[in-house]
Amino acid sequence: MLKKLLIILLSALCLALSLAYRTGGMSPSDFIDASPDKTIQTWQVAHPETLLKQSDRALEQNNPELAKQQALEAIRKNITNGLAFAQLVTVAAKDDKLGLDAAKLAPLAEQLWPAHIGVQIKLASYWQVQNNLPKLMHAWHILMVRAPSLRKDIYPILFKLLSYQEGLEVLKNYTENPPSWWLGFFNYTAQQEQSLSQLRVLYNLRDTDTTTLTQEERATFINSLIKSKLWEEAYFVWLAGLNENQLNESGFIYNGSFENTDKTAGFDWQFAKSPLVKTEIAATNGMVGQRALHLSLNDKDRINFRHISQVTKLNAGLYSFSARARVDNLQTGEGLRWRMHCMNNKNTLLGESTVLAKRKPWEELKFDFEVPANDCVFQIVRLEASSPFVNNHFFKGSLWFDDIRINRQLAKPQ
């Protein structure tokens, strides 16, 4: 099955890469002869690149013998020309009766010019015909490193290979020290429809005792899990990626002090983007520690404010929410509140703070809530517009928040 897939897909890919090289000017140097397709006159000294262009033309005209002679002439001009040896490999694949040993020529071409784009494109075609997937993957690797514009042509084939054990074995060779194209391929996989199983395969290839996942890879995987509503798995992947300092901030709410400036995916503070809203972590008077959350709002348009939130995973039980808040100025209808909801179809409201609607110095907001045992595995704490009505959704001003906490209660307060 894999062999059939390779024949269909790789043939098209090799053709695309060849055309890209020959028409897109991807060679490291420009061609010397301004008219390389013209017949060389006896008094002219042909440059090797001119001869190789004419060798390509001879192959297009189904004249492999002439193509061979022109490639050999290019070698006589420059015995170290790896592209000329790669051209002989291409000629040998076209006609196996010309006395050319492609199996010996291919390694020689690669040894002479190991990073040359044209050489690797020609060798990729040869390795594909030979069904040599490791060597083919190496050629693609060089191409994706040296010519990033070709990645868009190669990523779809790599994505298909994720469904086959042979493909995984080859890709595994590039996971310990990921090359420059790896993250792009990881993100490409995440963007494909119904690709979570393939993305999980890539993630597991990288998540080993001998390799270290990047924050970008972990974030992409977490976001894909969340997109598929696999909150439980996403949460533990997120938790496994926290460093010691971040773990110290991972109580019932994460980084409620706003002291940790390393952004994490999924279960950190989420700040929705809007031209009407600006959030920043900064220093101010009266804060606890070195940083606090600053919220600036403008009233150019009405907005149903729900732009600051965090997903939590609290077991069933009694809790209290607290936060320090300062309102420097605020023009609004019915103001803002912190609210806690279950993440379920009903968006069950568990509790809410008093309203923030006018200028106030630092004060503590507090409310108690109970997480039910059923249908509330994950919750979301969010700063929201107090009113559900659009005519009250105008806000202009500056607010600060700090020292946001969720604490467990042993019993309901009397």
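The values are calculated or read from the model by the stated rules, or taken from the named source; none is laboratory data. Everything numeric here is computed off the predicted structure, so don't read it as measured data. Glycine also receives a Cβ, built like all others from the backbone with ideal geometry; neighbour counts cover every protein chain displayed.
Here are the numbers for this structure:
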| item | result |
| --- | --- |
| Of the criteria (1) within 30 Å of V390 (Cα to Cα); (2) touching a Lys or Arg at 6+ places or on another chain (Cβ under 9 Å); (3) part of a loop (DSSP other than H, G, I, E, B), which one S309 fails | (3) |
| The range 304-328 - residue that is of a type in the set (S, T, N, Q) and within 32 Å of the chain's Cα centre (by Cα) and, of those, farthest from N374 (Cα to Cα) | N304 |
| Among residues of the range 359-379, those that are within 20 Å of D402 (Cβ to Cβ) and not in a loop (DSSP other than H, G, I, E, B), counted | 8 |
| Filter pass, A103 being in a helix (DSSP H, G or I) and surrounded by 21 or more Cβ atoms within 10 Å (Cβ to Cβ) | no |
| Matching residues in the range 335-358 - criterion: being surrounded by fewer than 15 Cβ atoms within 10 Å (Cβ to Cβ), more than 36 Å from the chain's Cα centre (by Cα) and either at pLDDT below 95 or in a strand (DSSP E or B) (or both) | K358 |
| Hits in the range 187-220 - residues which are in a helix (DSSP H, G or I), hydrophobic (A, V, I, L, M, F, W, C) and farther than 11 Å from L162 by Cβ | A190, L196, A219 |
| Single unsatisfied condition, Q198 versus (1) under 16 Å from the mean Cα position of the chain (by Cα); (2) at pLDDT below 90 | (2) |
| Pairs with Cβ under 9 Å, 6+ apart, first in the range 285-303 and over 16 Å from E249 (Cα atoms), second in a loop (DSSP other than H, G, I, E, B) and among the hydroxyl-bearing types (S, T, Y) | H294/T284 |
| Answer from D403, D301 - the residue that is under 38 Å from the mean Cα position of the chain (by Cα) and surrounded by fewer than 15 Cβ atoms within 10 Å (Cβ to Cβ) | D301 |
| Qualifying positions in the range 274-306 - part of a strand (DSSP E or B), in contact with a Phe, Trp or Tyr (Cβ under 6 Å, 6 or more places away or on another chain) and not aliphatic (A, V, I, L, M) | T279, H294 |
| In the range 228-283, the residues that are of a type in the set (D, E), over 21 Å from the mean Cα position of the chain (by Cα) and either surrounded by 16 or more Cβ atoms within 10 Å (Cβ to Cβ) or under 30 Å from L330 (Cα atoms) (or both) | E249, E259, E280 |
| Yes/no for K396 being touching a residue at least 40 places away in the same chain (Cβ under 8 Å), within 23 Å of A282 (Cβ to Cβ), basic (K, R) and loosely packed, with under 15 Cβ neighbours inside 10 Å | yes |
